[in-house]
Amino acid sequence: MPFSSSTNCQWLSDQIIDSLRHGSFAVLREGPIPQHVAFVMDGNRRHARTHGTKVLQGHVDGFAALKKVLEISFALEIKFVSVYAFSIDNFKRPKEEVDGLMHLCKTDLLDLCTPGGLLAQHEARLNTVGKTNLFPPEVQAALAKAEELTKDYHRGVLNLCVAYSSRDEIATAVEETLQAASLEGRTKPFTERDIEDRLMTTKVNSPPPDILIRTSGVKRLSDFLLWQCTDNTQIHFIDVFWPEIGMVDILPIILEYQRKIWSQ
Ligand code: FPP
Ligand code: MG
């Protein structure tokens, strides 16, 4: 059966949107591109509530948004993307919700890393950042497998911050510094550099974020990358739930970054 005119119209409109999208990316890539963008992915449950769906569906939609954001970031040639996927505090959430998030790690996240998956397609490496030893053994195994599958990719990097909090990261770095000093019998005071070298993000060779974006209208950092956010980090609190984030939210932020760099 030949295509109906409505199918043709839809096809044409998809083509136009696709060309506009590629055109905008190409124009932006002509300017300075941030090396590292970090996201506090907030608002999954409120998104679920406003759509009358279950909390877990909110997280599933959140995972789909993560894929969308990665596509946009890789198209813009942003090398490092960090996302706050599960804080240490999140262990206090209802068991069903925690189990659902663990399930996403074991299934959908692993899919991203297998050959043909999004990270593999973009030659991006997955780093987990956080105390993953707090997760059930099968989740730890899935995360380790996901990292192993992507370890030889260098074009892009996804830092998945899970079982993470900044205070824990800094406290752990201080403890490691003290242990090293005691082993070496060192008595001189330690410096910022000693701590910085032992941060989880330093261990995965990530630079400080140029941009940090938190969705859902909430204006807090919630213990995310507190040490890493420097004077040069452009912080944005945007009024959209994470599952609904899109190009229209991200592109103006990149433009603002470019204006900032050009005006320096
Ligand atoms: C914050 O929204 C979101 C989370 C605690 C989980 C983030 C997880 C995803 C985006 C899915 C992908 C993640 C994995 C595990 C691979 P919220 O639950 O705090 O919602 P609210 O702010 O509306 O209450
Ligand atoms: Mg929240």
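Once the Cβ-Cβ distance between residue 264 and residue 93 is put in as r, and R0 is 35 Å, what FRET efficiency do you end up with, to the nearest 0.05? The computed FRET efficiency comes out at 0.25. Computed from the C-beta positions of residue 10 and residue 220 and an R0 of 45 Å, the FRET efficiency is 0.65 to the nearest 0.05.
Placing a pseudo-label 7 Å from each Cα along the Cα-to-Cβ vector at residue 19 and residue 123 gives an inter-label distance of 3.0 nm.
Could you give the angle, 0 to 90 degrees to the nearest 10, between helix 247-262's Cα long axis and the longest principal axis of the Cα atoms of the chain? Helix 247-262 sits roughly 60 degrees off the main axis of the chain.
Sorting the segments 171-182, 99-110, 152-163 by their residues' average number of neighbouring beta-carbon atoms within 10 angstrom, most packed first, yields 152-163, 99-110, 171-182. Given axes a ≥ b ≥ c from the Cα gyration tensor, I'd like to know whether region 106-250 is rounded (a/c under 1.5), prolate (a/b larger than b/c) or oblate. Verdict is oblate for region 106-250.
For the chain, the 222 nm mean residue ellipticity estimated from helices alone, with every DSSP H stretch of n ≥ 4 adding -39500 (n - 2.57) and the total spread over all residues, rounds to -15000 deg cm²/dmol. For the chain, the longest principal axis of the Cα atoms and the long axis of helix 137-150 meet at an angle of about 70 degrees. Decide, for region 4-61, between rounded, prolate and oblate: order the square roots of the alpha carbon gyration tensor eigenvalues as a ≥ b ≥ c, take rounded if a/c falls under 1.5, and otherwise choose prolate if a/b is larger than b/c, else oblate. It comes out oblate by the Cα gyration axes.
Of the residues 33, 8, 43, the one whose Cα sits farthest toward the positive end of the charge dipole of region 6-49, with +1 on the Cβ of Lys and Arg and -1 on the Cβ of Asp and Glu, is 43. Among the GluC sites (Glu not before Pro) in region 11-91, those placed in a DSSP loop whose Cβ has at most 15 other Cβ atoms within 10 Å are 30, 77. Working from Cα pairs under 8 Å separated by at least six residues, relative contact order for region 111-172 is 43 percent. Given 0.36 nm per residue, what is the gain on full extension from residue 148 to residue 205 after removing their alpha carbon distance, in nm? The residue 148-residue 205 span can extend by a further 18.9 nm.
For region 108-264, the solvent-accessible area with a 1.4 angstrom probe is 52 square angstrom per residue. If the segment from residue 191 to residue 67 were pulled out straight at 0.36 nm per residue, it would be longer than the present Cα-Cα gap by 40.8 nm. Rolling a 1.4 angstrom probe over region 120-226 with all protein chains present gives an accessible area of which 51% lies on carbon and sulfur atoms. Principal-axis analysis of the Cα atoms of the chain puts helix 95-104 at an angle of about 70° to the longest axis.
A straight Cα-to-Cα reach below 12 Å connects residue 54 with the aspartates and glutamates 96, 97, residues fewer than 8 places away in its own chain not being considered. Around residue 202, what is the net charge, scoring Lys/Arg as +1 and Asp/Glu as -1 over all other residues with Cβ under 13 Å from its Cβ? Computed value for this residue: -3. Overall form of region 115-192: prolate. Here a/c, set by the Cα gyration tensor axes a ≥ b ≥ c, is 1.5 or more, and a/b is the larger of a/b and b/c. In a reduced charge model with +1 at each Lys and Arg Cβ and -1 at each Asp and Glu Cβ, region 79-176 shows a dipole moment near 160 debye about its Cα centre.
Considering only 147, 96, 184, the mean-square fluctuation computed in a Gaussian network model of the chain, springs between alpha carbons under 10 angstrom, is largest for 184. Of the peptides 124-132, 236-244, the order by per-residue mean of other Cβ atoms within 10 Å, starting with the highest, comes out as 124-132, 236-244.
The values are calculated or read from the model by the stated rules, or taken from the named source; none is laboratory data. Since this is a predicted model, take the numbers as computed values, not measurements. Every residue, glycine as well, gets a Cβ built from its backbone with ideal geometry; the counts of neighbours run over all protein chains shown. Side chains included, ligands, DNA and RNA excluded: accessible areas come from the protein's heavy atoms. Shrake-Rupley method; radii C 1.70, N 1.55, O 1.52, S 1.80 Å.
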